[in-house]
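First comes the structure, then the notes that go with it.
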Amino acid sequence: MKVVLLGAPGCGKGTQASKIAEEYNLPHISTGDIFRENISGKTELGLKVKAIIDSGNLCPDDVTCDLVKDRLSKPDCQNGYLLDGFPRNLVQARALEDFAKPDVVIDIDVDLDLIEKRITGRRSCPKCGGSFHIDFLSNDKMCPTCGGDLTIRKDDTPEVIKERLTVYKNSTAPLIDFYKSNGVLKVVDGNNTIDAVFEQIKKVLG
Ligand code: ADP
Ligand code: ZN
């Protein structure tokens, strides 16, 4: 099963992606995580994209498409994948049609005014890649999964969130119509608890 998750920043994509990957035994491929690993490892790719990501803009399509194409060619993706954060615009979506066309695209639909609250309360763990909301943490400094120090992502500040939402509206939201006309789109209501959203996703995926 080849699954793509769509949704605005802060819609809960990453959280749902981890749950889907576990339940359906699919490799979870998050372009955001891959870029952040490269930034913290100071690789050539990381150095190239750091300023772009910190400003809330999209990394170049050629770099991003090559990265995903390469990752999807690995043995663990031969029976399917779960893509989180790719495609993010029509150029990327068309490229994906050529190298690994998705069977189902799930759009997690959230009210855009909920987004800011969700993202500004987000704390991330650089050690295990987890991300959590302060409303659900008993200690907002320590990762509940691995004990690592929680941080606020550089692109989770109010100004950068604004830019990311603009990028989402202009570049990513048009993918909803693209996949609707391909007949693979399923929409779930993301204005709900983590478990309730996951239940809807399981219904969709069967
Ligand atoms: P979000 O919380 O918005 O879902 P991600 O972790 O998916 O954030 O992505 C963080 C940043 O990484 C994006 O704002 C963008 O700069 C970069 N990025 C991630 N995926 C892509 C992509 N498919 N194309 C271009 N840039 C990307
Ligand atoms: Zn952790």
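Listing for the model above:
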{"read-out": "Residue among 101, 74 that alone is away from ligand 1 (no atom under 12 Å from the Cβ), among the charged types (D, E, K, R), modelled with pLDDT of 95 or more and within 18 Å of residue 34 (Cα to Cα)", "value": "74"}
{"read-out": "Residue selected from the range 164-179 under the condition out of contact with any strand residue (DSSP E or B) (no Cβ under 9 Å at 6 or more places or on another chain) and open to solvent by 70 Å² or more (accessible area, probe 1.4 Å), by the criterion modelled with the highest pLDDT", "value": "170"}
{"read-out": "Per-region count, the range 29-49, residues basic (Lys, Arg), farther than 15 Å from residue 126 by Cα and buried (at least 18 other Cβ atoms within 10 Å of the Cβ)", "value": "0"}
{"read-out": "Residue 170 vs. criteria farther than 19 Å from residue 118 by Cβ, in a helix (DSSP H, G or I) and not charged (D, E, K, R)", "value": "yes"}
{"read-out": "Residue 182 modelled with pLDDT under 95, more than 21 Å from residue 33 (Cα to Cα), more than 12 Å from ligand 1 (Cβ to nearest atom) and not hydrophobic (A, V, I, L, M, F, W, C)", "value": "no"}
{"read-out": "Residue within the range 67-90 that is of a type in the set (S, T, N, Q), part of a helix (DSSP H, G or I) and crowded, with 17+ Cβ neighbours inside 10 Å present", "value": "no"}
{"read-out": "Matching residues in the range 118-151 - criterion: being open to solvent by 20 Å² or more (accessible area, probe 1.4 Å), away from ligand 1 (no atom under 14 Å from the Cβ) and either assigned to a loop (DSSP other than H, G, I, E, B) or among the basic types (Lys, Arg) (or both)", "value": "127, 128, 137, 138, 139, 140, 141, 144, 145, 146, 147, 150"}
{"read-out": "Top-ranked residue in the range 33-59 [being assigned to a helix (DSSP H, G or I) and farther than 18 Å from residue 129 by Cα; ranked as farthest from the chain's Cα centre (by Cα)]", "value": "44"}
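Quick grid of which residues meet (1) at pLDDT below 95; (2) loosely packed, with under 15 Cβ neighbours inside 10 Å; (3) more than 10 Å from ligand 1 (Cβ to nearest atom):
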residue: 4; (1), (2), (3): no, no, yes
residue: 27; (1), (2), (3): no, no, yes
residue: 54; (1), (2), (3): no, yes, no
residue: 62; (1), (2), (3): no, yes, yes
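The values are calculated or read from the model by the stated rules, or taken from the named source; none is laboratory data. Worth saying up front: this structure is predicted, and the values here are computed from it rather than measured. Every residue, glycine as well, gets a Cβ built from its backbone with ideal geometry; the counts of neighbours run over all protein chains shown. These accessible areas exclude ligands, DNA and RNA; they are computed on the full protein's heavy atoms, side chains included. Shrake-Rupley method; radii C 1.70, N 1.55, O 1.52, S 1.80 Å.
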